[in-house]
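Here the structure comes first, spelled out in structure tokens, and everything after it is commentary.
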Amino acid sequence: MQKIVFLDRETLAPQITLKRPAFEHELVEYDRTAPEQVAARLAGASIVITNKVAISADVIGQVPTLKLVAVAATGTDVVDKAACAKRGIVVSNIRGYAVNTVPEHTFALMLALRRNLIAYRDDVLNGEWQKSGQFCFFNHAIRDLGGAKLGIIGEGVLGQRVAEIAKAFGMKPVFAAHKGRTDMGPLYTPWDEMLATSDVITIHSPLTPQTRVMLSTAEFRAMNKKPLIINTARGGLVDEAALAAALDEGLISGIGFDVLTTEPPAPDNPLMRIANRPNVIVTPHVAWASDEAQQSLADQLMDNVAAFVEGKPVNVVS
């Protein structure tokens, strides 16, 4: 019998259902798990399901029965993959489930900021419309997406879908060449050119040692058109202190972030200092979380587990 332990079931909404495997099993679900609880909760488990709970080398060393780490997300930076490989433990992830929800959230942030919806909503609530004495007023700039150049960092499934939607809006999407690379060919716009010429920059990259803090002070100073910065990928991709400073200095025109370096944020997080500004929108890592996307994720997660037990593992992460 397979013992399956889900360490952080609360990271999926309560209305999302998990398919029960057809093979003989025991499924133990915990709403959340603290780091010091992980090894004890995995005692005797052959399969662990985790979304954000770290599976470290130390934990792996304490759970000799472990055979599969099934990550309930696309990113696998919470897993010590080298330690898993050394032990022959398979790591699987989720793919393709967010092709609608993340791009839609990206454009929700983009539209709200380009059209100053937050500022205008606040004006209405504060009585500014009533004071104006006419049918409309122009306290804040309103910019179309049509005709704007969209710099896309990350050319995977999500980046590609964002580019498709951008074209429907009449935007001019370009894929940024990877930072420090000059050999990626004509389908990519050089990194420095993308920074200098984009009206909006949106990030759809994984968090790796190569991409960590890819945007910081030098990059913001190279942004000649003072773009919006949208991040629905990972918080560690951007230097948050430098980002807040760039907004203070007028190097960028607005921020739409769904992800932060530490989640939830500490009170001294630089973006919390500016979060109440009308040109800043911070959402609590929910771009991925439409009901449709979460159910697709949950179904794929349990399919990954079933495929592994059948001896035909899928979505394996090397």
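The values are calculated or read from the model by the stated rules, or taken from the named source; none is laboratory data. Keep in mind the model is a prediction, meaning the values are calculated, not measured. Because the Cβ atoms are built from the backbone with ideal geometry, glycine has one as well, and the counts that use them run over all protein chains shown.
For residues that are touching a residue at least 60 places away in the same chain (Cβ under 8 Å) and among the polar types (S, T, N, Q), scanning just the range 1-34, find the one that is nearest to Gln300 (Cα to Cα).
Thr17
What pairs come up if the first residue lies in the range 152-170 and is touching a residue at least 60 places away in the same chain (Cβ under 8 Å) and part of a strand (DSSP E or B), the second is surrounded by 19 or more Cβ atoms within 10 Å (Cβ to Cβ) and among the hydroxyl-bearing types (Ser, Thr, Tyr), and their beta carbons are under 8 Å apart, counting only those six or more places apart or on different chains?
Note: pairs meeting the criteria are Ile153/Thr202; Ile153/Ser205.
If I ask for residues that are assigned to a helix (DSSP H, G or I) and either more than 18 Å from Gly159 (Cα to Cα) or touching a helix residue (DSSP H, G or I) at 6+ places or on another chain (Cβ under 8 Å) (or both), which ones from the range 194-221 would you list? Outline the logic, then answer.
We begin by selecting, within the range 194-221, every residue assigned to a helix (DSSP H, G or I); these are 194-197, 217-221.
Scanning the range 194-221 gives Leu195, Ala196, Thr197, Thr217, Ala218, Glu219, Phe220, Arg221.
Among Ala177, Ala222, Ala163, Ala218, which is the only one that is exposed (fewer than 13 other Cβ atoms within 10 Å of the Cβ), of a type in the set (A, V, I, L, M, F, W, C) and either assigned by TED's automatic domain parsing to the domain that holds Leu260 or farther than 25 Å from Val317 by Cβ (or both)?
One residue alone meets the criteria, Ala218.
Please go through the range 254-275 and give me each residue that is surrounded by fewer than 20 Cβ atoms within 10 Å (Cβ to Cβ) and either closer than 11 Å to Ile229 by Cα or more than 20 Å from the chain's Cα centre (by Cα) (or both), ordered by number.
Pro267, Asp268, Arg273, Ile274
Please indicate, with yes or no, whether at least one residue in the range 303-315 is touching a Pro at 6+ places or on another chain (Cβ under 8 Å) and outside any helix (DSSP H, G or I).
Filtering the range 303-315 for residues touching a Pro at 6+ places or on another chain (Cβ under 8 Å) gives 304-307, 309.
Checking which are outside any helix (DSSP H, G or I) leaves us with none.
No - not one qualifying residue is present in the range 303-315.
Can you report the number of residues in the range 47-80 which are surrounded by 19 or more Cβ atoms within 10 Å (Cβ to Cβ) and either under 17 Å from Leu18 (Cβ atoms) or modelled with pLDDT of 95 or more (or both)?
Total meeting the criteria: 18.
Can you say whether Leu109 is assigned by TED's automatic domain parsing to the domain that holds Ile201, in contact (Cβ under 8 Å) with a residue 60 or more places away in the chain and closer than 25 Å to Leu12 by Cα, as far as the supplied structure shows? Spell out how you get there, then give the answer.
Working: assigned by TED's automatic domain parsing to the domain that holds Ile201: yes; in contact (Cβ under 8 Å) with a residue 60 or more places away in the chain: yes; closer than 25 Å to Leu12 by Cα: yes.
So Leu109 fits the description; yes.
How many residues are touching a Gly at 6+ places or on another chain (Cβ under 7 Å) and of a type in the set (Asp, Glu) if we restrict to the range 37-89?
In the first step, residues of the range 37-89 are kept if they are touching a Gly at 6+ places or on another chain (Cβ under 7 Å); the result is 65.
Now narrow it down to the ones that are of a type in the set (Asp, Glu): none.
Final tally of qualifying residues: 0.
Within the range 134-151, count every residue that is more than 19 Å from the chain's Cα centre (by Cα) and part of a strand (DSSP E or B).
First, pick out the residues of the range 134-151 that are more than 19 Å from the chain's Cα centre (by Cα): 134-149.
Still in the running and part of a strand (DSSP E or B): 149.
Of the residues in that region, 1 qualify.
For the subset of the range 179-193 comprising residues that are within 21 Å of Ile252 (Cα to Cα) and in a loop (DSSP other than H, G, I, E, B), which member is nearest to the chain's Cα centre (by Cα)? Reasoning before the result, please.
Initially, the range 179-193 is screened for residues within 21 Å of Ile252 (Cα to Cα), giving 179, 189-193.
So of that shortlist, the ones also in a loop (DSSP other than H, G, I, E, B) come out as 179, 190.
Working: Lys179: 19, Pro190: 24 Å.
The residue in question is Lys179.
Exactly one of (1) out of contact with any helix residue (DSSP H, G or I) (no Cβ under 9 Å at 6 or more places or on another chain); (2) closer than 17 Å to Tyr97 by Cβ is unmet by Val309. Its number?
(2)
Quick one: what pairs do we get from the range 173-197, first residue farther than 21 Å from Pro103 by Cα and free of Cβ contacts under 8 Å to residues at least 12 places away in the same chain, second of a type outside the set (D, E, K, R) and outside any loop (DSSP other than H, G, I, E, B), C-beta under 8 Å, 6+ apart or different chains?
Gly180/Trp191; Arg181/Trp191
Can you name the residue in the range 54-84 that is among the β-branched types (Val, Ile, Thr) and outside any loop (DSSP other than H, G, I, E, B) and is also farthest from Ala40 (Cα to Cα) among such residues? First the steps, then the outcome.
Taking the range 54-84 as the starting set, the residues that turn out to be among the β-branched types (Val, Ile, Thr) are 55, 59-60, 63, 65, 69, 71, 74, 76, 78-79.
From what is left, the residues that are outside any loop (DSSP other than H, G, I, E, B) are 55, 59-60, 69, 71, 79.
Numbers: Ile55: 12, Val59: 9, Ile60: 11, Val69: 16, Val71: 19, Val79: 17 Å.
Ranking the qualifying residues of the range 54-84, first place goes to Val71.
Hey, does the range 85-95 have a residue that's part of a loop (DSSP other than H, G, I, E, B) and aliphatic (A, V, I, L, M)? Lay out the reasoning, then the answer.
Looking only at the range 85-95, we keep the residues that are part of a loop (DSSP other than H, G, I, E, B), and these are 88-89, 93-95.
Adding the requirement that they be aliphatic (A, V, I, L, M) leaves 89, 94.
Checked the range 85-95: at least one residue is part of a loop (DSSP other than H, G, I, E, B) and aliphatic (A, V, I, L, M).
Looking at Gly96, Gly133, Gly88, which one is out of contact with any Phe, Trp or Tyr (no Cβ under 7 Å at 6 or more places or on another chain), surrounded by fewer than 20 Cβ atoms within 10 Å (Cβ to Cβ), farther than 30 Å from Lys149 by Cα and at pLDDT below 95? Spell out how you get there, then give the answer.
Numbers: Gly96 fails: farther than 30 Å from Lys149 by Cα; Gly88 fails: at pLDDT below 95.
Testing whether each residue is out of contact with any Phe, Trp or Tyr (no Cβ under 7 Å at 6 or more places or on another chain), surrounded by fewer than 20 Cβ atoms within 10 Å (Cβ to Cβ), farther than 30 Å from Lys149 by Cα and at pLDDT below 95 leaves just Gly133.
For Leu247, which of the numbered conditions (1) part of a loop (DSSP other than H, G, I, E, B); (2) touching a residue at least 12 places away in the same chain (Cβ under 8 Å); (3) closer than 21 Å to Met110 by Cβ fails to hold?
Exception for Leu247: condition (1).
So which residues in the range 4-23 are within 26 Å of Ala39 (Cβ to Cβ) and of a type in the set (A, V, I, L, M)?
Ile4, Val5, Leu7, Leu12, Leu18
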